[in-house]
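Engineer: First the structure, which I've put down as structure tokens, then a few questions once you've had a look.
Each reported figure results from applying straightforward, stated rules to the coordinates on display, with no laboratory input. Just so it is clear, the structure is predicted and the values come from calculations on it, not from any experiment. With ideal geometry, Cβ positions are generated from the backbone for all residues, glycine too; neighbour counts draw on all protein chains shown.
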Amino acid sequence: MSQQLVNAIALGSIYTLFSLGLTLSWGILNVLNLAHGAIFTAGTMFAFLLTEHAAGLPFAVVLVAALVGSALLAVLMEAVAFAPIRARSANALDAEMRTLIASVAVASIIVTVVGIQSDHQPYALPQSLLERHRYDLLGVHVSNVQILVLVAAIVLSVLLVLFVRRSRYGRAMRAVAFDRTAAGMVGISARTLQLAAMALSGALAGVAGVLLAVYLGAADAHMGDSFLLKAFAIIILAGVGSLEGAVFFAYALALVETLVGYYLGGDVRDALAFVLIVVILVLRPQGLAARQGWQRA
């Protein structure tokens, strides 16, 4: 049981990083970005290509490079696809639907490119990138990779929450999410903040992708698909825009999935996210962690 708890914490850390990125774009930009999973996958491909062409680089350098590449990819997607679509849409509902469709198209393009680069086969980061160590703590096996994933999730989660809740730019992002027109009237550049939000979202996806590839030892072009579903379940449980709720329910979902998979099998575990989505949408559509009167971001 203790070993399953350790595995759940590591998985929950990946869920956290992935879900926070999607929460950021959905809560601030009102963009349900279905290409978020593809950016997650692209982060692993950036790291893979970098290690192939520049062997011997430290893991930290590869991780930062993947983070930057994923952030730039998300910004490009916002600038080329989402922003023009919003500008040409008749109303907010029309813009939301059009960007949703566009994100599906962008995701298909990214996944196809990654598939071509990998010859549609699983690929792996070199073992030498991060030397593995295993520690025995009270009969439980804990690897340095699991520790790294947990520490990265905690640090980045805290920094993101502090940035959004306490910083000047974070407050400006929340103002844009609440009322874009009013924010513009007081001198807040919605355009700049939208790009910044997408960059942060993409960066978190890229970090999550690389850490998962290191943790599992392999990656493939469609690895982000299942995580996108889990992120939906987490965000619906937490309430759209609730960063703290997303962190809590990411670990909660990972723990429940791990225990269900251990006792009942993988098929039941994989259906769990669907069940949670339906139940919460029926019983409490605003999310379990959402407060009454909640506003985006």
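Engineer: For region 195-290, with only Lys/Arg (+1) and Asp/Glu (-1) charged at the beta-carbon, what is the dipole magnitude about the Cα centre, in debye rounded to 20?
Structural biologist: 200 debye
Engineer: Based solely on its DSSP helices, what 222 nm [θ] is calculated for the chain when runs of n ≥ 4 H residues each add -39,500 (n - 2.57) and the sum is averaged over all residues, nearest 500 deg cm²/dmol?
Structural biologist: That comes out to -25000 deg cm²/dmol.
Engineer: Then there's this: For the chain, list the DSSP H helices whose alpha carbon atoms reach 18 Å or more along the long axis and whose average Kyte-Doolittle value is 0.0 or above? Intermediate results must be reported in sequence, preceding the final value.
Structural biologist: Numbers: long enough: 2-29 (40 Å, 1.15); 36-53 (26 Å, 0.83); 59-77 (27 Å, 2.76); 92-117 (37 Å, 1.50); 144-166 (32 Å, 2.21); 190-216 (39 Å, 1.61); 223-238 (24 Å, 1.83); 243-264 (31 Å, 1.45); 266-283 (26 Å, 2.21).
Counting only whole DSSP H runs, the qualifying helices are 2-29, 36-53, 59-77, 92-117, 144-166, 190-216, 223-238, 243-264, 266-283.
Engineer: Here's another thing I want to ask about it. If packing is taken as the average count of other Cβ atoms within 10 Å, what order do 254-264, 238-248 fall into, highest mean first?
Structural biologist: 238-248, 254-264
Engineer: Once a ≥ b ≥ c are taken as the square roots of the eigenvalues of the Cα gyration tensor of region 1-75, is the result rounded (a/c under 1.5), prolate (a/b larger than b/c) or oblate (a/b not larger than b/c)?
Structural biologist: Note, shape of region 1-75 comes out oblate.
Engineer: What's the ranking of 218-229, 68-79, 154-165, 8-19 by average number of surrounding C-beta atoms within 10 Å, highest first?
Structural biologist: Ranking the peptides 218-229, 68-79, 154-165, 8-19 by packing returns 8-19, 68-79, 218-229, 154-165.
Engineer: Which shape class applies to region 182-254: rounded if a/c is under 1.5, otherwise prolate when a/b exceeds b/c and oblate if not, where a ≥ b ≥ c are the square roots of the Cα gyration tensor eigenvalues?
Structural biologist: Since a/c reaches 1.5 but b/c is at least a/b, the shape of region 182-254 is classed as oblate.
Engineer: With a 10 Å Cβ neighbour count serving as the proxy for reagent exposure, in which order, fewest first, do T192, T99 appear?
Structural biologist: Final ranking by Cβ density, sparse to dense: T192, T99.
Engineer: Pick out, from L211, Q146, T181, the residue whose Cα sits farthest towards the positive end of the charge dipole of region 142-237, with +1 on the Cβ of Lys and Arg and -1 on the Cβ of Asp and Glu.
Structural biologist: With unit charges placed on the Cβ atoms, the residue in question is T181.
Engineer: Let me ask something else. Just G202, G187, G217 to compare: in a GNM of the chain, with alpha carbon springs under 10 Å, which one fluctuates most?
Structural biologist: Its mean-square fluctuation being the largest, the pick is G187.
Engineer: Please state the relative contact order of the chain as a whole percent: Cα pairs under 8 Å, 6+ residues apart?
Structural biologist: Contact order relative to length: 36 percent.
Engineer: Take the alpha carbon atoms of region 253-284, find their center, do the same for region 1-64, and report the distance between the two centers in whole angstrom.
Structural biologist: If you average the Cα positions of each part, the centres end up 22 Å apart.
Engineer: Among rounded, prolate and oblate, which fits region 47-163 when a ≥ b ≥ c are the square roots of the eigenvalues of its C-alpha gyration tensor, a/c under 1.5 means rounded, and a/b larger than b/c means prolate? Please list the in-between numbers first.
Structural biologist: Details: a/c = 2.59, a/b = 1.71, b/c = 1.51.
It is prolate, given that a/c is not under 1.5 and a/b is the larger ratio.
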